[in-house]
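Q: Dropping the structure in here first, questions after.
The values are calculated or read from the model by the stated rules, or taken from the named source; none is laboratory data. Everything numeric here is computed off the predicted structure, so don't read it as measured data. Cβ sites come from the backbone with ideal geometry, for glycine too, and all protein chains shown count toward neighbours.
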Ligand code: UT7
């Protein structure tokens with residue numbers, strides 16, 4: 001059985017914040033942000049929420065796949081910035097779409113979240129438990145940023161991306177060809193955001209809001225070593241080399257990470273499409289937003305082989321080889 005991505009969609013908040021706009025909020029400059037990261041601007045939520053952006057991206061993906069919400073069996077949302085602790089973002093999206101048949105739950109794997117969701121959907125579909133999955137990567141990271149910390153707040157953005165994944169009959173294309181994912185909790189604190197503190201009568205701690213903090217250089221080193229190794233392993237599993245791949249669709253954290261991965265893989269940089277210039281780092285949403293932009297530009301043709309790869313908080317990473 002072939003597990004194929006049959007539709008994509010995305011949604012970005014209406015409001016844009018440029019690097020120059022940010023320079024009025026913290027001590028930074030367009031020159032520093034552009035040269036160190038490749039980011040020029042990002043969309044930040046004002047009225048939008050993680051669930052409303054997810055639902056808009058999901059509706060577009062369903063339309064692209066030409067199927068109705070009632071056909072979705074499995075709805076997985078990857079996010080670290082849901083609107084509620086409970087209900088999950090996936091349950092909120094289910095209600096907004098009217099996808100009454102779907103079983104819905106969230107995955108927390110930060111910037112690898114969409115890839116973890118894709119692999120989870122793959123496992124359900126491959127075993128025949130479900131036929132049609134809707135997976136969403138969505139974040140409102142601006143609500144967990146410390147807007148006085150220039151080392152983090154300039155890097156991230158808000159948005160959502162979605163894909164419809166379906167178990168197809170033989171002859172309808174190959175779909176997902178190889179997959180691997182991994183986690184290293186022992187290094188988790190290099191990119192962290194604490195949850196709520198325990199205010200029970202015994203613990204008695206006051207509520208202090210917590211924001212993302214990161215050892216940027218450690219995360220950078222992790223990314224440029226782990227990602228090429230992970231991609232090499234999935235290529236080997238698929239019996240392919242870099243030369244067989246039309247595009248490498250990577251998590252969008254920093255243009256220098258993307259360039260370093262290209263160099264280490266000895267692959268042309270032109271094969272690495274970029275959305276971080278106008279989206280910033282959107283964590284779980286970055287891979288599906290980029291995939292949707294490529295799909296809508298007509299860059300993906302049936303039979304093309306692409307690699308998708310996510311990496312980040314946890315620490316976590318995941319890569320896949322996909323035939324479009
Ligand atoms: O989604 C996955 C998670 N994130 C990542 O993958 C991020 C990985 N890491 C990175 O992309 C890079 O490490 C950063 C972009 C975060 C930082 O770049 P860097 O080249 O490692 O810079 P740095 O942290 O070493 O800082 C260099 C200087 C420091 O000043 P001093 O100590 O040299 O005087 C910082 O204080 O740049 C300063 N700096 C800034 N200056 C202007 C830090 N942030 C800013 C800023 N504007 N926004």
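Q: On the basis of being exposed (fewer than 15 other Cβ atoms within 10 Å of the Cβ) and out of contact with any helix residue (DSSP H, G or I) (no Cβ under 6 Å at 6 or more places or on another chain), does residue 274 make the cut? Walk me through how you get there before you give the answer.
A: Working: exposed (fewer than 15 other Cβ atoms within 10 Å of the Cβ): no; out of contact with any helix residue (DSSP H, G or I) (no Cβ under 6 Å at 6 or more places or on another chain): yes.
Spelling it out, it is not the case that residue 274 is exposed (fewer than 15 other Cβ atoms within 10 Å of the Cβ) and out of contact with any helix residue (DSSP H, G or I) (no Cβ under 6 Å at 6 or more places or on another chain).
Q: Same structure again: Within region 238-250, identify whether any single residue is free of Cβ contacts under 8 Å to residues at least 12 places away in the same chain and assigned to a loop (DSSP other than H, G, I, E, B), and answer yes or no.
A: Yes: one or more hits.
Q: Hey, residue 248 hits all of (1) touching a helix residue (DSSP H, G or I) at 6+ places or on another chain (Cβ under 7 Å); (2) under 30 Å from residue 144 (Cα atoms); (3) surrounded by fewer than 19 Cβ atoms within 10 Å (Cβ to Cβ) but one; which does it fall short on?
A: (3)
Q: Among the numbered criteria (1) surrounded by 24 or more Cβ atoms within 10 Å (Cβ to Cβ); (2) assigned to a strand (DSSP E or B); (3) free of Cβ contacts under 8 Å to residues at least 60 places away in the same chain, which one does residue 94 miss?
A: Here residue 94 meets the rest and fails (2).
Q: When residues of region 256-283 are filtered for being more than 13 Å from the ligand (Cβ to nearest atom) and touching a strand residue (DSSP E or B) at 6+ places or on another chain (Cβ under 7 Å), how many remain? Don't jump to the end; show me each part of the working.
A: From region 256-283, those more than 13 Å from the ligand (Cβ to nearest atom) are 262-275, 277-278; that's our starting set.
Keeping just the survivors that are touching a strand residue (DSSP E or B) at 6+ places or on another chain (Cβ under 7 Å) gives 267, 271-273, 278.
Residues flagged as more than 13 Å from the ligand (Cβ to nearest atom) and touching a strand residue (DSSP E or B) at 6+ places or on another chain (Cβ under 7 Å) within region 256-283 amount to 5.
Q: While we're on this one: From the list 291, 299, exactly one residue is out of contact with any helix residue (DSSP H, G or I) (no Cβ under 8 Å at 6 or more places or on another chain), farther than 20 Å from residue 226 by Cα and either without any contact (Cβ under 8 Å) to a residue 24 or more places away in the chain or surrounded by fewer than 17 Cβ atoms within 10 Å (Cβ to Cβ) (or both). Which is it?
A: Working: 291 fails: either without any contact (Cβ under 8 Å) to a residue 24 or more places away in the chain or surrounded by fewer than 17 Cβ atoms within 10 Å (Cβ to Cβ) (or both).
The match here is 299.
Q: Also: Residues of region 284-322 being in contact with a strand residue (DSSP E or B) (Cβ under 7 Å, 6 or more places away or on another chain) and at pLDDT below 95, which ones?
A: Answer for region 284-322, where residues must be in contact with a strand residue (DSSP E or B) (Cβ under 7 Å, 6 or more places away or on another chain) and at pLDDT below 95: just 303.
Q: Moving on. Those residues that are in contact with a strand residue (DSSP E or B) (Cβ under 7 Å, 6 or more places away or on another chain) and not in a helix (DSSP H, G or I), I need them from region 98-129; list them, please.
A: First pass over region 98-129, keeping only residues in contact with a strand residue (DSSP E or B) (Cβ under 7 Å, 6 or more places away or on another chain): 99, 102-107, 109-122, 124-126.
Of everything in region 98-129, those that are in contact with a strand residue (DSSP E or B) (Cβ under 7 Å, 6 or more places away or on another chain) and not in a helix (DSSP H, G or I) turn out to be 99, 102, 103, 104, 105, 106, 107, 109.
Q: Does region 27-55 hold any residues that are under 16 Å from the mean Cα position of the chain (by Cα) and assigned to a helix (DSSP H, G or I), and which are they? Quick ask: steps written out before the conclusion?
A: So the first thing to find is which residues in region 27-55 are under 16 Å from the mean Cα position of the chain (by Cα), and the list is 42-43, 50-51, 53-55.
50, 51, 53, 54, 55 - these are the residues of region 27-55 that are under 16 Å from the mean Cα position of the chain (by Cα) and assigned to a helix (DSSP H, G or I).
Q: Scan region 105-141 for residues that are surrounded by fewer than 24 Cβ atoms within 10 Å (Cβ to Cβ), within 18 Å of the chain's Cα centre (by Cα) and over 19 Å from residue 158 (Cβ atoms) and jot them down.
A: 105, 119, 120, 122
Q: With respect to residue 234, determine if the residue is at pLDDT 95 or above, assigned to a helix (DSSP H, G or I) and within 12 Å of the ligand (Cβ to nearest atom). Write out each step before concluding.
A: Details: at pLDDT 95 or above: yes; assigned to a helix (DSSP H, G or I): yes; within 12 Å of the ligand (Cβ to nearest atom): no.
Answer is no for this residue.
Q: What residue, among those in region 167-208 that are touching a helix residue (DSSP H, G or I) at 6+ places or on another chain (Cβ under 9 Å) and farther than 23 Å from residue 245 by Cβ, is surrounded by the fewest Cβ atoms within 10 Å (Cβ to Cβ)?
A: 184
Q: Here is a further query. What do you reckon, is residue 81 assigned to a loop (DSSP other than H, G, I, E, B), over 16 Å from residue 167 (Cβ atoms) and either over 15 Å from the mean Cα position of the chain (by Cα) or without any contact (Cβ under 8 Å) to a residue 60 or more places away in the chain (or both)?
A: For residue 81, the condition - assigned to a loop (DSSP other than H, G, I, E, B), over 16 Å from residue 167 (Cβ atoms) and either over 15 Å from the mean Cα position of the chain (by Cα) or without any contact (Cβ under 8 Å) to a residue 60 or more places away in the chain (or both) - is not met.
Q: Testing residue 253 on (1) within 16 Å of the ligand (Cβ to nearest atom); (2) surrounded by fewer than 19 Cβ atoms within 10 Å (Cβ to Cβ); (3) assigned to a loop (DSSP other than H, G, I, E, B), one condition comes back false. Which one is that?
A: All conditions pass for residue 253, except number (2).
Q: Let me ask another. Inside region 135-192, can you point out the residues that are in a loop (DSSP other than H, G, I, E, B) and either modelled with pLDDT of 95 or more or within 16 Å of the ligand (Cβ to nearest atom) (or both)? Full working, then the answer.
A: Initial filter on region 135-192 (in a loop (DSSP other than H, G, I, E, B)): 145-149, 154-155, 157, 169-174, 184.
The answer is 145, 146, 147, 148, 149, 154, 155, 157, 184.
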